[in-house]
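The values are calculated or read from the model by the stated rules, or taken from the named source; none is laboratory data. The model shown is predicted, which means the values in this text are computed figures rather than measured ones. Glycine gets a Cβ as well: all are built from the backbone with ideal geometry, and neighbour counts include every protein chain shown. We work out accessible area using only protein heavy atoms, side chains counted, and drop any ligands, DNA or RNA first. Shrake-Rupley method; radii C 1.70, N 1.55, O 1.52, S 1.80 Å.
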Amino acid sequence: MQNGIFVPEEEIKRQLAIAREVRSLIGEGKKVFVSTFGCQQNEADSERLLGLASLMGYTKAESIDDAQLIIFNTCAIREHAELKALSKAGALRKIKERDKSVITAVCGCMAEQPHRREQILKSYPYIDIIFGTDRLHTLPETVKNAILGEKHGVYISGGSHDEFGTVAEGVPSLRESSYKAWVPIMYGCNNFCSYCVVPYVRGRERSRKSKDVLAEIEGLVKSGYKDITLLGQNVNSYDGDLSFPKLLEKAAGFEGDYLLRFMTSHPKDATRELVDVMASSPKIAPHFHLPMQSGDNRILKMMNRRYTVEQYMEKAAYIREKLPDAALTSDIICGFPTETEEEFENTLKAVDAVGFDMLFAFVYSPRPGTPAAKMEQIPHEVKTARFARLSELENKRASELNRRFAGRTLKVLSDGCENGIYTGRTGHNKIITFALPEGFPEEKAKSGRFLNVRVDGVQAYTLSGTAEKEQI
Ligand code: 5AD
Ligand code: SF4
């Protein structure tokens, strides 16, 4: 579904013109507060919301109480994420009571679900605007309408889920960091894993054009960005006139010192070609996030994952063969409907066998409208007990694996110094704290600088070390 998905340039121009109109409507000194829940895609979206808000004349508020425009960019992946956003949204009532002119908006994945929209309209009448994941670029119009008195503006694409989803180029981004950047390359998901709400709230897969993606990356590298993450629900489905491995290869071809990352890969589509491209360039971070979800074939089938444990193992083995030192990380869902004790133990065995540097383990959360929500559910205590067992195993495996870094010198991107402690991140995506040796210029260790750190301490998920005077 690539045709007709691009928001016409004129429409973006119209929104940017409305943004300037809003600027003259609101006057000086107004502030915006964007609260982001969920994944990196939402963080990237929030940076665009801030970019648009900044065009409208809003500057970033330090706290929600200082803001005249408040946006909740929500997540729906698990119930917990939704409840968190709803409880925070409840606090907007007081803010609205104090000052009616404050504009409040809820967007993102939760807003995309009809039952949540109904709930917001009914129980949160102080929310002025609700807009969907593919209407982000219309923020100026929605805010203008709210300023002019529109109550409960709902901006959702409507139509069936077979159709929805857009790509909007040319929306400005106000990036959180001056050296780390998100670059969405594709949006939506067509996989319909049976537990997952994403295909319903993010719409059909659609890709940005490779020339737009590459121009953005080149611009970021030129302006000094050092850590660039290509984002997509399933980056291997990228289909913007190049395959994902080819895009990655080109993205790694710009002059400059930077690291490229990508998230997330679906195991069924992660190809050898992709692993080969990773192995061919030092600019591509040696980190592969490959969600396994379960280590049992019956459960994988029920999840509609379309690979077997054996196929997963084969991919992991190829990664290990070509990138022996790379960090491998994964997602696992504990207590998927009907999962037996034995099936869960198969997951433990598979996790033990692969050896992940880090696992994101989740307690299964039924999502309304997904097939798995209608299957026979497992008691909550059983799910949480399995989660605890998996976490215990992973803590052990991660500590063992992290030992490979002891005594080594790693290239680290500094996140600067707080309370006397320097932290940074390695290409393997490990957090590392480090000290500066006598005489080491602080300037060289400030955030956004690469430096070499010799590892002298190894914890389960983090490292510690001392900066080296000599650059590798
Ligand atoms: N319950 C628990 N975890 C889930 N995930 C997706 N949907 C659910 C759900 N309903 C997890 C998957 C996915 C990660 C982003 O969130 O492991 O890879
Ligand atoms: Fe959800 Fe599966 Fe799509 Fe990932 S691949 S977003 S888990 S449906």
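Counting only residues that are within 25 Å of residue 202 (Cα to Cα), open to solvent by less than 50 Å² (accessible area, probe 1.4 Å) and not aliphatic (A, V, I, L, M), how many does segment 55-94 have? Residues in segment 55-94 being within 25 Å of residue 202 (Cα to Cα), open to solvent by less than 50 Å² (accessible area, probe 1.4 Å) and not aliphatic (A, V, I, L, M): 6 in total.
Comparison of 319, 332, 299 shows that the only residue that is surrounded by 15 or more Cβ atoms within 10 Å (Cβ to Cβ) and within 11 Å of ligand 1 (Cβ to nearest atom) is 332. Are any residues in segment 98-154 open to solvent by less than 10 Å² (accessible area, probe 1.4 Å) and small (Gly, Ala, Ser), and if so, which ones? Correct list: 105, 108, 111, 132, 153. Scanning segment 164-186 for residues that are among the hydrophobic types (A, V, I, L, M, F, W, C), part of a strand (DSSP E or B) and open to solvent by 40 Å² or more (accessible area, probe 1.4 Å) turns up just one, 182. Among the residues of segment 217-236, is there at least one that is open to solvent by less than 10 Å² (accessible area, probe 1.4 Å) and of a type in the set (Phe, Trp, Tyr)? No - not one qualifying residue is present in segment 217-236. Just to be sure, is residue 130 modelled with pLDDT of 95 or more and in a strand (DSSP E or B)? Against the criterion (modelled with pLDDT of 95 or more and in a strand (DSSP E or B)), residue 130 qualifies. Within the set 218, 169, the sole residue that is away from ligand 1 (no atom under 16 Å from the Cβ) and under 24 Å from residue 34 (Cβ atoms) turns out to be 169. Residue 306 versus (1) within 15 Å of ligand 2 (Cβ to nearest atom); (2) in a helix (DSSP H, G or I); (3) closer than 29 Å to residue 279 by Cα: which is the lone unmet condition? Residue 306 satisfies every listed condition except (2).
Which fully enclosed strands (runs of 3 or more DSSP E) of segment 357-429 have 2 or more residues being farther than 19 Å from residue 456 by Cα, without any contact (Cβ under 8 Å) to a residue 60 or more places away in the chain and open to solvent by 70 Å² or more (accessible area, probe 1.4 Å)? Outline the logic, then answer.
Numbers: elements: 358-363, 409-418, 421-426.
In segment 357-429, there are no strands (runs of 3 or more DSSP E) which contain 2 or more residues that are farther than 19 Å from residue 456 by Cα, without any contact (Cβ under 8 Å) to a residue 60 or more places away in the chain and open to solvent by 70 Å² or more (accessible area, probe 1.4 Å).
Quick test of your reading of the structure: residue 203 fulfils all but one of (1) more than 30 Å from residue 376 (Cα to Cα); (2) more than 16 Å from ligand 1 (Cβ to nearest atom). Name the failing condition by number. Every listed condition holds for residue 203 apart from (1). Could you tell me whether segment 335-355 includes any residue that is open to solvent by 20 Å² or more (accessible area, probe 1.4 Å), within 16 Å of ligand 2 (Cβ to nearest atom) and either out of contact with any Leu (no Cβ under 6 Å at 6 or more places or on another chain) or on the phi > 0 side of the Ramachandran plot (or both)? No, segment 335-355 contains no residue that is open to solvent by 20 Å² or more (accessible area, probe 1.4 Å), within 16 Å of ligand 2 (Cβ to nearest atom) and either out of contact with any Leu (no Cβ under 6 Å at 6 or more places or on another chain) or on the phi > 0 side of the Ramachandran plot (or both). Here residue 430 meets the list (1) at pLDDT below 95; (2) in contact with a strand residue (DSSP E or B) (Cβ under 9 Å, 6 or more places away or on another chain); (3) of a type outside the set (A, V, I, L, M) almost entirely, failing just condition (1). Would you be able to tell me the number of residues in segment 275-311 that are in contact with a strand residue (DSSP E or B) (Cβ under 9 Å, 6 or more places away or on another chain), touching a residue at least 24 places away in the same chain (Cβ under 8 Å) and of a type outside the set (Val, Ile, Thr)? Going through segment 275-311 one residue at a time, the tally reaches 16. Could you say which residue among 60, 13 is basic (Lys, Arg) and within 27 Å of residue 227 (Cα to Cα)? That would be 60, the only listed residue that is basic (Lys, Arg) and within 27 Å of residue 227 (Cα to Cα). With respect to residue 359, is the statement that it is away from ligand 1 (no atom under 13 Å from the Cβ), of a type in the set (A, V, I, L, M, F, W, C) and farther than 30 Å from residue 446 by Cβ true? So residue 359 fails the test. Can you name every residue in segment 14-24 that is in contact with a Gly (Cβ under 9 Å, 6 or more places away or on another chain) and closer than 12 Å to residue 140 by Cβ? Those that are in contact with a Gly (Cβ under 9 Å, 6 or more places away or on another chain) and closer than 12 Å to residue 140 by Cβ: 16, 19, 20, 22, 23. The condition of being in contact with a Lys or Arg (Cβ under 7 Å, 6 or more places away or on another chain) and more than 16 Å from ligand 1 (Cβ to nearest atom) holds for only one of 22, 7, 106, that being 22.
Is it the case that segment 379-401 has a residue that's basic (Lys, Arg), within 16 Å of ligand 2 (Cβ to nearest atom) and at negative phi?
Residues of segment 379-401 that are basic (Lys, Arg), as a first pass: 383, 386, 389, 396-397.
Then keep just the ones that are within 16 Å of ligand 2 (Cβ to nearest atom); that gives none.
Scanning segment 379-401, I find no residue that is basic (Lys, Arg), within 16 Å of ligand 2 (Cβ to nearest atom) and at negative phi, so the answer is no.
A Cβ distance below 6 Å, combined with a sequence gap of six or more or placement on separate chains, defines the contacts here; from segment 199-225, residues that are closer than 15 Å to residue 184 by Cβ reach residues that are hydrophobic (A, V, I, L, M, F, W, C) and assigned to a helix (DSSP H, G or I) in the pairs 210/247; 217/251.
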